[in-house]
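Notes for the one structure printed next.
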Amino acid sequence: MPVPVVASSRVAGIQTGEVHFLRHVATMAWKDLRVELRSREILFTMSFFAAMVVVLFSFAFLKESDDGEMVAVAEITPGFLWVAVLFSATLGMARAFDRERESDTMRGLLLSPAPRTALFLGKAVGLFVMMAMVEAVVIPLCWFFFAAPLFAEPLPMLALVLLATAGVAVVGSVFAAMLMRTRSREVLLPVVLYPILVPLFIAAIKGTSALLVGEPEQAWFWIRFLLVYDAAFVVAALWTFESLVIE
Amino acid sequence: MKKNAFLAAAVVCALGFAGTLYLAFYRAELDGLLFFNQKIFYYHVANAFMLFAATITCGVYSLLYLRKRQPRHDDIALAAGELAVLFGAVVLITGSIWGKAAWDKWWDWDARLTTSLLLWLTMVGYVLVRQYGGAGSERMAGGLAVFATVNIPLVYFSVSIWRTLHPQTSVVPGLQGGMRAAMWSSVALWGIFYVLLLRLRTDAARAERRLAELRERALDAGLIE
Amino acid sequence: MARSTTMMTILGCAALLLAVASTSAALAQPAKEPPRAYQSPMRKDCEAELAKDKGWNAELRDSLRPEVHEAEAALVTRNNKHVVMAYAALWILTVGFVVLLWMRQRRLLAELETLEKKVAKAAEQ
């Protein structure tokens, strides 16, 4: 698991530090993804759960319009999408850290020469990739079920989705790691996570909604907001992660 | 905080409660729109200020605790967290009642009330983590408090923009004379009251901690079983 | 230590009593008068018309019964229901918190006593 220090990297001189750091992050993330891709457990369960949430919400919030069609107004579809993503992400991050706890690999990771922040970023990247894969399922699903023009403006949509996913991945990793050994972690994780994620949630929903009604300037505003949000919480995470995971 | 300072502050508080209520009910002008029900406003705003003060206190001391591991910082953070829940509950309930009086609706998704709701929910989460988090819950709750404090401007900003598509219903007009005196003196009063409560609760937290340590040492020394 | 606690309790209760007294005294106070009403220049014409149309006259009289007006005005200006609810909630929550603090303090003191007794007993042995 620890990355073997290759002698030739010392030749790079000043940049050795950053290279090592990024390599640690990449190794960490790749480790998670490789384990996951082998069994695909979290991926399948997350995706199916997200799809079920979308379907449940359809029963709850769609109603027949005058022509007898079941319609979702433009304002509701983003809600379906992002609530499904949020719920499945919560499950996924809990499960990802559960795995570490069950096989007791966390101690080994912490003892490795990789700096803690690289560990944390690696975990966040892993979670990001898994969430992206789930979104690749859920977004087309919403497009299919609700006839929502989610792909009308691909560039802002992509930026929005990536930034929102990054925010959830960063904040979620911190809290999931923090609660890893707690008895009531399944219920405490949403309890602590969701209030912190509210601004991101608002931004994602309003941004998607703006794209659906064809107002890209509004969407770009929310994208900039998400940038600020992500930056603020990456800083907060780096401040606190160190002291939160000393097991 | 020295004992004399504490007592002095307590006396000021006692007089302050009577004084601010006098100012609010006898000296402040009667509002032209809401008449008597506007009087809720004075303590509601003061408590809102204190909600933010308590949350920021909790966040700052939590960060200090996470960095330096001094237990007294954690005591203050715990006290501030619980007080944030108290003040938040007061803000939400009085704000909701005021909303009913002013707009005939118990809840309106007004930007400020929603921000307070989210902050309150986060601090309730803080208290829950401390209660049920098991071992190491001080650190975990501390992390949450830091994130909550960083989140304050982001929440306010996003909720305000979320609300600009709806009619502005927030009512903090330019206050004149009697109303302004009543409001700011209420804020000052509740500031002092907050500090007093913080002191009391911090002392209780510290006492609990030392008692637990004492029990551990007695157990180790074989004095009790 | 015990004396300052007693003093603080007394001060706190005094403050509370003062506050509750002020609130209830203030609620008993009548509301202030609203500003002077507007006088229409069309009064004479309207009164002439009213004198001609008896039906309208009767309907208007009905709806302009002073008691109806007074009742409605009183409802708005003297409605202190919400103020009472709000302040009641505020005091209940605040006092409740202080009471919880006090109960916690008592529990701590009791635990301290038990611990002291146990240690004293063990020290004797």
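The values are calculated or read from the model by the stated rules, or taken from the named source; none is laboratory data. All of these numbers come straight from a predicted model, not from anything done at the bench. As a convention, Cβ positions derive from the backbone with ideal geometry for all residues, glycine included, and neighbour counts pool all protein chains shown. Just so you know, the surface numbers come from the protein's heavy atoms only, side chains and all, with ligands and any DNA or RNA stripped out. Shrake-Rupley method; radii C 1.70, N 1.55, O 1.52, S 1.80 Å.
Of all helices (runs of 4 or more DSSP H) completely enclosed by the stretch C:1-104, which ones contain at least 1 residues that are under 22 Å from the mean Cα position of the chain (by Cα) and at pLDDT below 85? Before the answer, list the steps.
Numbers: elements: C:2-28, C:43-52, C:54-63, C:66-77.
It comes to C:2-28, C:66-77.
Note down all Cβ pairs under 9 Å where the first residue falls in the stretch A:194-223 and is farther than 14 Å from A:L155 by Cα, the second is acidic (D, E) and open to solvent by 10 Å² or more (accessible area, probe 1.4 Å), and they're at least six residues apart or on different chains.
Correct list of pairs: A:L200/A:D230; A:I205/A:E75; A:S209/A:E75; A:S209/A:E215; A:V213/A:E75.
Taking the criterion of being polar (S, T, N, Q), open to solvent by less than 50 Å² (accessible area, probe 1.4 Å), assigned to a helix (DSSP H, G or I) and modelled with pLDDT under 90, would at least one residue in the stretch B:154-161 satisfy it?
Initially, the stretch B:154-161 is screened for residues polar (S, T, N, Q), giving B:158, B:160.
Filter once more, so that each one left must be open to solvent by less than 50 Å² (accessible area, probe 1.4 Å): B:158, B:160.
This time we only want the ones that are assigned to a helix (DSSP H, G or I), so: B:158, B:160.
From the residues that got through so far, the ones that are modelled with pLDDT under 90 too are B:158, B:160.
For the stretch B:154-161, residues polar (S, T, N, Q), open to solvent by less than 50 Å² (accessible area, probe 1.4 Å), assigned to a helix (DSSP H, G or I) and modelled with pLDDT under 90: present.
Can you find a residue in the stretch B:100-119 that is free of Cβ contacts under 8 Å to residues at least 40 places away in the same chain, out of contact with any helix residue (DSSP H, G or I) (no Cβ under 7 Å at 6 or more places or on another chain), part of a helix (DSSP H, G or I) and surrounded by fewer than 19 Cβ atoms within 10 Å (Cβ to Cβ)? Quick ask: steps written out before the conclusion?
Our first condition is that a residue be free of Cβ contacts under 8 Å to residues at least 40 places away in the same chain; within the stretch B:100-119, this holds for B:100, B:104-107, B:113, B:117.
Still in the list and also out of contact with any helix residue (DSSP H, G or I) (no Cβ under 7 Å at 6 or more places or on another chain): B:104.
From the residues that got through so far, the ones that are part of a helix (DSSP H, G or I) too are none.
Taking every residue of the stretch B:100-119 in turn, none turns out to be free of Cβ contacts under 8 Å to residues at least 40 places away in the same chain, out of contact with any helix residue (DSSP H, G or I) (no Cβ under 7 Å at 6 or more places or on another chain), part of a helix (DSSP H, G or I) and surrounded by fewer than 19 Cβ atoms within 10 Å (Cβ to Cβ).
Can you list residue pairs whose Cβ atoms sit under 6 Å apart, with the first residue in the stretch B:136-150 being within 7 Å of another protein chain (Cβ to nearest Cβ) and the second being assigned to a helix (DSSP H, G or I) and β-branched (V, I, T)? Count only pairs 6 or more apart in sequence or on different chains.
Within 6 Å, the pairs are B:M140/B:V129; B:G143/A:T240; B:L144/A:V192; B:V146/A:T240; B:F147/A:I196; B:A148/B:T122.
Looking only at the stretch A:182-193, count every residue that is surrounded by fewer than 20 Cβ atoms within 10 Å (Cβ to Cβ) and more than 7 Å from chain B (Cβ to nearest Cβ) and tell me the total.
Taking the stretch A:182-193 as the starting set, the residues that turn out to be surrounded by fewer than 20 Cβ atoms within 10 Å (Cβ to Cβ) are A:182-184, A:186-187, A:190.
Still in the list and also more than 7 Å from chain B (Cβ to nearest Cβ): A:186-187, A:190.
Total satisfying the criteria: 3.
Would you mind listing the helices (runs of 4 or more DSSP H) fully within the stretch A:34-140 where at least 2 residues are among the β-branched types (V, I, T) and out of contact with any Asp or Glu (no Cβ under 8 Å at 6 or more places or on another chain)?
Passing ranges, in order: A:41-61, A:77-102.
Among B:N37, B:N47, B:N4, which is the only one that is of a type in the set (S, T, N, Q), open to solvent by 30 Å² or more (accessible area, probe 1.4 Å) and either more than 8 Å from every other protein chain (Cβ to nearest Cβ) or touching a residue at least 24 places away in the same chain (Cβ under 8 Å) (or both)? Write out each step before concluding.
Details: B:N37 fails: open to solvent by 30 Å² or more (accessible area, probe 1.4 Å); B:N47 fails: open to solvent by 30 Å² or more (accessible area, probe 1.4 Å).
One residue alone meets the criteria, B:N4.
Considering each of A:A51, A:A72, A:A26 in turn, give the residue that is within 30 Å of A:P199 (Cβ to Cβ), buried (at least 16 other Cβ atoms within 10 Å of the Cβ) and modelled with pLDDT of 85 or more.
Details: A:A72 fails: modelled with pLDDT of 85 or more; A:A26 fails: buried (at least 16 other Cβ atoms within 10 Å of the Cβ).
Exactly one residue qualifies, and that residue is A:A51.
Of B:Y26, B:Y61, B:Y65, B:Y22, which residue is open to solvent by less than 50 Å² (accessible area, probe 1.4 Å) and either closer than 30 Å to B:P153 by Cα or within 14 Å of chain C (Cβ to nearest Cβ) (or both)?
Working: B:Y26 fails: open to solvent by less than 50 Å² (accessible area, probe 1.4 Å); B:Y61 fails: open to solvent by less than 50 Å² (accessible area, probe 1.4 Å); B:Y22 fails: open to solvent by less than 50 Å² (accessible area, probe 1.4 Å).
Checking each option against the conditions leaves just B:Y65.
Out of the residues in the stretch A:194-247 that are small (G, A, S) and open to solvent by 20 Å² or more (accessible area, probe 1.4 Å), which is farthest from A:F97 (Cα to Cα)?
Narrowing the stretch A:194-247 to residues small (G, A, S): A:203-204, A:207, A:209-210, A:214, A:219, A:231-232, A:236-237, A:243.
Among the residues that remain, those that are also open to solvent by 20 Å² or more (accessible area, probe 1.4 Å) are: A:214, A:231-232.
Numbers: A:G214: 40, A:A231: 24, A:A232: 24 Å.
Among residues in the stretch A:194-247 that are small (G, A, S) and open to solvent by 20 Å² or more (accessible area, probe 1.4 Å), the one farthest from A:F97 (Cα to Cα) is A:G214.
Looking only at the stretch A:162-175, which residues are surrounded by 24 or more Cβ atoms within 10 Å (Cβ to Cβ) and among the aliphatic types (A, V, I, L, M)?
Within the stretch A:162-175, A:A164, A:V168, A:A169, A:V170, A:V171, A:V174 meet the criteria.
Looking for whichever is at pLDDT 85 or above, hydrophobic (A, V, I, L, M, F, W, C) and in contact with a helix residue (DSSP H, G or I) (Cβ under 7 Å, 6 or more places away or on another chain) here; the options are B:A46, B:A28. Which one fits?
Numbers: B:A28 fails: at pLDDT 85 or above.
Exactly one of B:A46, B:A28 is at pLDDT 85 or above, hydrophobic (A, V, I, L, M, F, W, C) and in contact with a helix residue (DSSP H, G or I) (Cβ under 7 Å, 6 or more places away or on another chain), namely B:A46.
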